[in-house]
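Here the structure comes first, spelled out in structure tokens, and everything after it is commentary.
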């Protein structure tokens, strides 16, 4: 199947293909439909996670929260335990397994949280003529731990993880303006320019993803990143958690058009 | 003290006066600062309430959630048990008391939720030249139960409560456009025109507040209302809950300017 085919799939069609064994990235799939970061935690920690998301909406923009034990919702009408390409399983903050389905690991007390994903604003930026350098180069966006503290909530605390994209200086205001209209997918950037002042010592060695692509005249622009919830799991060590594998997202039944503010 | 004085108070000054015994409405107080609906429930029900708010953002736009037992937060730097003019206390959904402070009733497991309030968008409409008829007439806005179902969450379910304002037909699009930019204070209207189609049989007998003021050429415009959480308490009957008394709101340290979407 080509990228053109993936692009035009409905969420239902895409989830069927993912259920049937595709394990790669979902970047570029299902034009117009929002993809989402997954984090599932036991009911015992679910209130604290929801509080953490409420207090840190840029890093953890909540798209949906399932009923405890539920595998689907009105906004994700598939099976959350099979319909992502790959999953990461954490026990007490340690990554213990990467799986292509987690049906056997699902528990009646697990609460699935779906957080907005940068794919949606990247599409908007590309349509505005702001090239996504990493996409053109066939790379994953670089992601970094920072010294920006998230506001803690109950058992959860974390520093913010950011993604970085090089943007021509003249287009930085447009990038801010466009993304600000998508608060449900991380919103406006959190930092523009000097990486050192948010604790990034070497831009060429990201903590997740590939090294950056920066052209002459590019300014490094930093957005709050959906990997923050996984960094939080590693730091706060809840008993059990299941997340998506990086780049292998949940494809939702939420239209991207519904995520734009007026 | 005159309305002009109230208008120019800081949140800290206003809360001190409320703590010292003022029990009237806070309408018109503290220009530029957001006021909020209060609902506090035991930790046991707090996750379900947060889920209900997440699923019903127009009726329950979350401005802040305190830590369990806490009486203040970064966004409300007062004492939530003394700094509102009046409170309503519910046991198993029954209104059992109206109090001017609830310090003795506060519990270590209570979680305070602050929801956005229509005062903020009313100010924006008034500044745009759309008269708030009820304010001019010295009345409380009329509020109605409807047949619009909120999406249930855990132990909580409710129909939506709406407020109604008469708006000249030519200004209805402006009213929608302006309020849409305030998703944190109920956002765009949920219904325009025919009251019967959302289950309101008699516009002149609201369920809360005063009878409406409608001028010739006005269209009735309906917004999701912050009384919905109290209707939900009456319907879902949690063991214990404390809410603000109607019109007697929590004055927060959140600037209204920070609630406008770009």
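The values are calculated or read from the model by the stated rules, or taken from the named source; none is laboratory data. The shown structure was predicted, so the numbers you read here are calculated from the model rather than taken from an experiment. As a convention, Cβ positions derive from the backbone with ideal geometry for all residues, glycine included, and neighbour counts pool all protein chains shown.
Could you tell me whether any residue of region B:89-102 is in contact with a strand residue (DSSP E or B) (Cβ under 9 Å, 6 or more places away or on another chain) and closer than 30 Å to residue B:180 by Cβ?
No: region B:89-102 contains no residue that is in contact with a strand residue (DSSP E or B) (Cβ under 9 Å, 6 or more places away or on another chain) and closer than 30 Å to residue B:180 by Cβ.
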Please enumerate the residues belonging to region B:145-177 that are within 14 Å of chain A (Cβ to nearest Cβ) and over 23 Å from residue B:45 (Cβ atoms).
B:173, B:174, B:175, B:176, B:177
Picked from region A:46-58 (must be under 17 Å from residue A:34 (Cβ atoms) and touching a strand residue (DSSP E or B) at 6+ places or on another chain (Cβ under 7 Å)), the residue farthest from the other protein chains (Cβ to nearest Cβ) is A:58
Against the definition (under 19 Å from the mean Cα position of the chain (by Cα) and within 14 Å of chain B (Cβ to nearest Cβ)), how does residue A:88 come out, yes or no?
no
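Here's a check for you: in region A:178-191, which residue that is away from chain B (no Cβ under 13 Å) and part of a loop (DSSP other than H, G, I, E, B) is modelled with the highest pLDDT?
Ranking the qualifying residues of region A:178-191, first place goes to A:190.
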Single condition residue A:38 does not satisfy, out of (1) assigned to a loop (DSSP other than H, G, I, E, B); (2) at pLDDT 95 or above
(1)
For region A:70-88, does any single residue satisfy the condition of being surrounded by fewer than 18 Cβ atoms within 10 Å (Cβ to Cβ), within 26 Å of residue A:158 (Cα to Cα) and in contact with a strand residue (DSSP E or B) (Cβ under 7 Å, 6 or more places away or on another chain)?
no
Counting just the residues of region B:31-43 that are in contact with a helix residue (DSSP H, G or I) (Cβ under 7 Å, 6 or more places away or on another chain) and crowded, with 24+ Cβ neighbours inside 10 Å, which one comes out farthest from residue B:112 (Cα to Cα)?
B:34
Might you check whether a residue that is within 14 Å of another protein chain (Cβ to nearest Cβ), outside any strand (DSSP E or B), in contact with a helix residue (DSSP H, G or I) (Cβ under 6 Å, 6 or more places away or on another chain) and more than 25 Å from residue B:259 (Cβ to Cβ) occurs anywhere in region B:207-215?
no
Name the single residue, out of those in region B:229-262 being in a helix (DSSP H, G or I), away from chain A (no Cβ under 14 Å) and in contact with a strand residue (DSSP E or B) (Cβ under 7 Å, 6 or more places away or on another chain), that is surrounded by the most Cβ atoms within 10 Å (Cβ to Cβ).
B:232
Just a yes or no: is a residue in region B:193-204 more than 14 Å from chain A (Cβ to nearest Cβ), outside any helix (DSSP H, G or I) and surrounded by 18 or more Cβ atoms within 10 Å (Cβ to Cβ)?
yes
In region B:127-144, is there at least one residue being within 14 Å of chain A (Cβ to nearest Cβ) and without any contact (Cβ under 8 Å) to a residue 60 or more places away in the chain?
no
Report those strands (runs of 3 or more DSSP E) wholly inside region B:94-168 carrying at least 3 residues which are surrounded by fewer than 17 Cβ atoms within 10 Å (Cβ to Cβ).
B:94-99
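Please tell me if residue A:69 is within 22 Å of residue A:247 (Cα to Cα), over 17 Å from the mean Cα position of the chain (by Cα) and either more than 12 Å from chain B (Cβ to nearest Cβ) or touching a residue at least 40 places away in the same chain (Cβ under 8 Å) (or both).
Working: within 22 Å of residue A:247 (Cα to Cα): no; over 17 Å from the mean Cα position of the chain (by Cα): yes; either more than 12 Å from chain B (Cβ to nearest Cβ) or touching a residue at least 40 places away in the same chain (Cβ under 8 Å) (or both): yes.
Taking the combined requirement at face value, the residue does not satisfy it.
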